[in-house]
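Quick note: the coordinates plus some simple rules give every number you see, no bench work behind them. This structure is a prediction, so every number in the text was calculated from the model and none was measured. As a convention, Cβ positions derive from the backbone with ideal geometry for all residues, glycine included, and neighbour counts pool all protein chains shown.
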Amino acid sequence: MNWQNPLATARGTESAIEGGEYNTRLTLSVKTASLNGVAAEASKIINFLGELARLKAVPRTGWLLRGVRDVESVADHSFGVAWIAMLLADLAVGRGLELNVEKVVRMALLHDLTEARTGDLPATIKRYFDKTTLQEADHRIANEMLDGLGRIGEEYLLLWREYEERSSLEARIVKAADKLDLLLQAREYEKGGACNLLEFWENSETDFSALGIDELVTDLIEHLKESRKPLAGC
């Protein structure tokens, strides 16, 4: 998919207007309609941002189920993923790979969007539901949440779907960042005495290899595991 910044077209229109290509005098009724439209748009944006803010209070449930207390929120996790994804993308560009770094960061910020409504569903719950049912619910939620943002929301939805499908290098980098942030957080909890997190480390190599970007993450994973070794002893 040839992704581009959704604001590009709007900026082009502004330039055309400023350049004199369009010289339409606004009547009072048009001005009133425009102001009403702006107010309606602002209301939808604020509603969306208010719902998104819930992610600051949604706990990462998997940690709670393993005995960790005072756990990170989904918003905390998304922040970590965005930073890691940006760094991985810049490393990839430095090694000659062609990708869109801005797209990677946007995708990282969007990747857990639907958890504002579902919460963080751990694997122990997901196994009771058909995978297709969960995917359909997620897609419906994403559609509903982004619908009020108009054309920008449509672009965000395309990015969210691309991540879910892992259909691009950018999407796979974001997924790698998602997994790396998980391991970094597991190490931090182990530093604090958590002893039931081994399962996250045991499957990590298989999880990363499936993404096909070993050249970007292998050294990082090995170093992360080495830095964890002195902490193991539970």
Jot down the per residue volume, in cubic angstrom and as a whole number, of the convex hull over the alpha-carbon atoms of segment 33-102.
127 Å³
State which entries of Lys44/Lys131; Lys44/Lys175; Lys131/Lys225; Lys126/Lys225; Lys131/Lys191; Lys131/Lys175 exceed 24 angstrom in Cα-Cα distance in the structure shown.
Lys44/Lys131; Lys44/Lys175; Lys131/Lys225; Lys126/Lys225; Lys131/Lys191
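So how do 116-124, 42-50, 60-68 stack up, highest first, on mean other-Cβ count within 10 Å? Walk me through the numbers on the way to the answer.
Numbers: 116-124: 15.1, 42-50: 12.3, 60-68: 17.8.
Listed from highest to lowest mean packing, they are 60-68, 116-124, 42-50.
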Using 0.36 nm per residue of separation minus the Cα-Cα distance, give me the extension gain between Leu97 and Asp70 in nm, one decimal.
5.8 nm
